[in-house]
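All remarks here apply to the structure that follows.
The values are calculated or read from the model by the stated rules, or taken from the named source; none is laboratory data. Every value quoted in this text rests on a predicted model; they were computed, and no experiment measured them. So basically every Cβ, Gly included, is an ideal-geometry build from the backbone, and we count neighbours across all protein chains shown. We work out accessible area using only protein heavy atoms, side chains counted, and drop any ligands, DNA or RNA first. Shrake-Rupley method; radii C 1.70, N 1.55, O 1.52, S 1.80 Å.
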Amino acid sequence: MLKRDITLDAIRVFAVFSVISVHYFLHSGFYNTPVMGTRMFIMITFRQFFMICVPLFMILTGYLMSKKVLNKKYYCGIKKTLSIYVLASIVCIIFKNLYLKENYGIKETIFGILDFSGASYSWYIEMYIGLFLLIPFINLMYNGLKNEKQKLILLLTCLVLTSIPQVINIFNFSDSSWWINPAVSGEYQKLMPNWWGGLYPLTYYFIGAYLKEYGLFLKRRMSILILGMVIAAAGVFNYYRMFGGNFIWGSWTEYPSIIVVIMAVMVFNIFSKTKSLNSVPLFCKKMLKQLSDCALGAYLLSYIFDIMAYSYLSSTINEFNYMFEYYFIVVPLIFLCSMAASWLLNCVYKMIDILLRYIIGMLTLLLS
């Protein structure tokens, strides 16, 4: 039996915490607040860094599944993901009925599960189902390459198609005054093709597969230095690019951006090179494993605690400028509540799974 790598559990737990951190900016009024002052500079920088949340999950997928092959057993591997999704959707729908007073009957519940609207953060599941179905064929392409050089060329090709254009096609060269106050206009000149930008999950998947096979030559200390420099540079650029206006949902701030790619890879490498994680006490390892196993459910169920926490804050605090301090209280609290709820959800899943196995076993005996 292979020894479990606790660093991967730590990465998954940190990714969930980052998701909840990103949602803080979604629910707190941040996007409707003018970008001015030190407070907004810090918040913009925080938001940019925590955008590594979903990319870390995608890199983990490539890291863990790059050797999967096409067979019947492979397709059974999505059972738990789909089961947790359905259970989380039902819980979220019950919450919407009771707390938000929305009208979900049996028909609406079924459609809410099928169209990924029941659990409001379930877009990732919709993406993951497609990625899961493609993985055996993606692996044939990746593993069919002869050497590391060819695989690096594949990575570079994906970056050129999906990530680099996100930070190149964002400038206006036809108006010199634009550079003084770029927040006033969203016009830009396209310098690189960007049609394939939506395929960024493949880029992260291939990065994970490459890291699994070859690792990263950078040492932990250098990765920390690069990460710090990129975070600082991204914060300064975003503040300049948005100064005086509200937050701009620019391509350079989102998941496909090469800025986010670099930060995600550096964070992944920092965790991977932190060997001390594998020497922590057994209790800590078990705790990390439990939290890691609850990651998916916590991701989906965090919607419930987001709504409850931020509706309360918005009703008690009039100005957003005084809300940033609450990040350090609210986000850890939502994280803990989401993990606890997910643990209960996992218990329900295990009981249902055991019951179904028993029923199938009994039916097999009766029919044999």
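Can you name every residue in segment 87-125 that is loosely packed, with under 15 Cβ neighbours inside 10 Å, assigned to a helix (DSSP H, G or I) and under 23 Å from the mean Cα position of the chain (by Cα)? Write out each step before concluding.
Of the residues in segment 87-125, the ones loosely packed, with under 15 Cβ neighbours inside 10 Å are 94, 98-103, 105-107, 110-111, 114-115, 123.
This time we only want the ones that are assigned to a helix (DSSP H, G or I), so: 94, 98, 106-107, 110-111, 114, 123.
LEU114, TRP123 - these are the residues of segment 87-125 that are loosely packed, with under 15 Cβ neighbours inside 10 Å, assigned to a helix (DSSP H, G or I) and under 23 Å from the mean Cα position of the chain (by Cα).
Criterion first (out of contact with any Pro (no Cβ under 7 Å at 6 or more places or on another chain), over 25 Å from CYS294 (Cα atoms), of a type outside the set (S, T, N, Q) and free of Cβ contacts under 8 Å to residues at least 60 places away in the same chain) does GLY29 satisfy it?
On the way: out of contact with any Pro (no Cβ under 7 Å at 6 or more places or on another chain): yes; over 25 Å from CYS294 (Cα atoms): yes; of a type outside the set (S, T, N, Q): yes; free of Cβ contacts under 8 Å to residues at least 60 places away in the same chain: no.
In short, no.
Only one of these is open to solvent by 30 Å² or more (accessible area, probe 1.4 Å), within 28 Å of LEU211 (Cα to Cα), in a loop (DSSP other than H, G, I, E, B) and modelled with pLDDT of 95 or more: LEU134, LEU159, LEU145. Name it. Let's see the steps before the verdict.
On the way: LEU134 fails: in a loop (DSSP other than H, G, I, E, B); LEU159 fails: in a loop (DSSP other than H, G, I, E, B).
LEU145 is the lone residue from the list that is open to solvent by 30 Å² or more (accessible area, probe 1.4 Å), within 28 Å of LEU211 (Cα to Cα), in a loop (DSSP other than H, G, I, E, B) and modelled with pLDDT of 95 or more.
Do any residues in segment 47-70 that are at negative phi have Cβ atoms under 8 Å from those of residues that are outside any loop (DSSP other than H, G, I, E, B) and acidic (Asp, Glu), where the two are at least six apart or on different chains, and which pairs are they?
SER66/GLU213
Looking at LYS286 and the list (1) open to solvent by less than 10 Å² (accessible area, probe 1.4 Å); (2) without any contact (Cβ under 8 Å) to a residue 24 or more places away in the chain, which single condition is not satisfied?
(1)
From the list TYR322, TYR349, exactly one residue is under 29 Å from the mean Cα position of the chain (by Cα) and at pLDDT below 90. Which is it? Full working, then the answer.
Values: TYR349 fails: at pLDDT below 90.
After applying the criteria, what remains is TYR322.
Only one of LEU211, LEU199 is under 24 Å from LEU145 (Cα atoms) and touching a Ser or Thr at 6+ places or on another chain (Cβ under 7 Å). Can you tell me which?
Values: LEU211 fails: touching a Ser or Thr at 6+ places or on another chain (Cβ under 7 Å).
After applying the criteria, what remains is LEU199.
If you go through segment 313-368 one residue at a time, how many are open to solvent by less than 30 Å² (accessible area, probe 1.4 Å) and either aliphatic (A, V, I, L, M) or within 30 Å of PHE46 (Cα to Cα) (or both)?
Qualifying residue count, segment 313-368: 15.
Can you tell me which residue is surrounded by the fewest Cβ atoms within 10 Å (Cβ to Cβ) among those in segment 206-240 that are touching a residue at least 24 places away in the same chain (Cβ under 8 Å) and among the aromatic types (Phe, Trp, Tyr)?
TYR214
Could you tell me how many of the residues in segment 168-205 are outside any helix (DSSP H, G or I), open to solvent by less than 30 Å² (accessible area, probe 1.4 Å) and of a type outside the set (S, T, N, Q)?
Number of matching residues: 1.
Among the numbered criteria (1) farther than 26 Å from LEU26 by Cβ; (2) in contact (Cβ under 8 Å) with a residue 40 or more places away in the chain, which single criterion is violated by LEU291?
(1)
Only one of TYR99, TYR85 is farther than 22 Å from LEU134 by Cα and touching a residue at least 24 places away in the same chain (Cβ under 8 Å). Can you tell me which? Steps first, please.
Numbers: TYR85 fails: farther than 22 Å from LEU134 by Cα.
None of the other options fit; the residue is TYR99.
Quick check on THR274: is it open to solvent by less than 10 Å² (accessible area, probe 1.4 Å), more than 23 Å from THR81 (Cα to Cα) and in contact (Cβ under 8 Å) with a residue 12 or more places away in the chain? Please lay out each step first, then the result.
Working: open to solvent by less than 10 Å² (accessible area, probe 1.4 Å): no; more than 23 Å from THR81 (Cα to Cα): yes; in contact (Cβ under 8 Å) with a residue 12 or more places away in the chain: yes.
No; evaluated as a whole, the condition is false for this residue.
Considering segment 34-52 alone, what residues qualify as being farther than 19 Å from TRP123 by Cβ, open to solvent by less than 10 Å² (accessible area, probe 1.4 Å) and in a helix (DSSP H, G or I)? Step through it out loud before you land on a result.
Initial filter on segment 34-52 (farther than 19 Å from TRP123 by Cβ): 34-46, 48-49.
From the residues that got through so far, the ones that are open to solvent by less than 10 Å² (accessible area, probe 1.4 Å) too are 35, 40, 43-44, 48.
Selection gives MET40, MET43, ILE44, GLN48.
How many of the residues in segment 53-73 are modelled with pLDDT of 95 or more and in a helix (DSSP H, G or I)?
13
Could you please let me know if ILE248 is more than 17 Å from the chain's Cα centre (by Cα), surrounded by fewer than 22 Cβ atoms within 10 Å (Cβ to Cβ), under 30 Å from ASN194 (Cα atoms) and β-branched (Val, Ile, Thr)? I'd like the intermediate steps shown before the answer.
Working: more than 17 Å from the chain's Cα centre (by Cα): yes; surrounded by fewer than 22 Cβ atoms within 10 Å (Cβ to Cβ): yes; under 30 Å from ASN194 (Cα atoms): yes; β-branched (Val, Ile, Thr): yes.
Criteria met by ILE248.
Checking TYR63 against (1) open to solvent by 70 Å² or more (accessible area, probe 1.4 Å); (2) touching a Gly at 6+ places or on another chain (Cβ under 6 Å): exactly one of these is not met. Which one?
Of everything listed in (1) open to solvent by 70 Å² or more (accessible area, probe 1.4 Å); (2) touching a Gly at 6+ places or on another chain (Cβ under 6 Å), TYR63 misses just condition (1).
Could you give me the residue pairs with C-beta distances under 6 Å whose first residue belongs to segment 128-140 and is within 18 Å of LEU60 (Cβ to Cβ), whose second residue is open to solvent by 10 Å² or more (accessible area, probe 1.4 Å) and in a helix (DSSP H, G or I) wherever it lies, and which are 6+ apart or on separate chains?
Going by the 6 Å Cβ cut-off, the qualifying pairs are LEU131/PRO201; PHE132/ILE78; ILE135/MET65.
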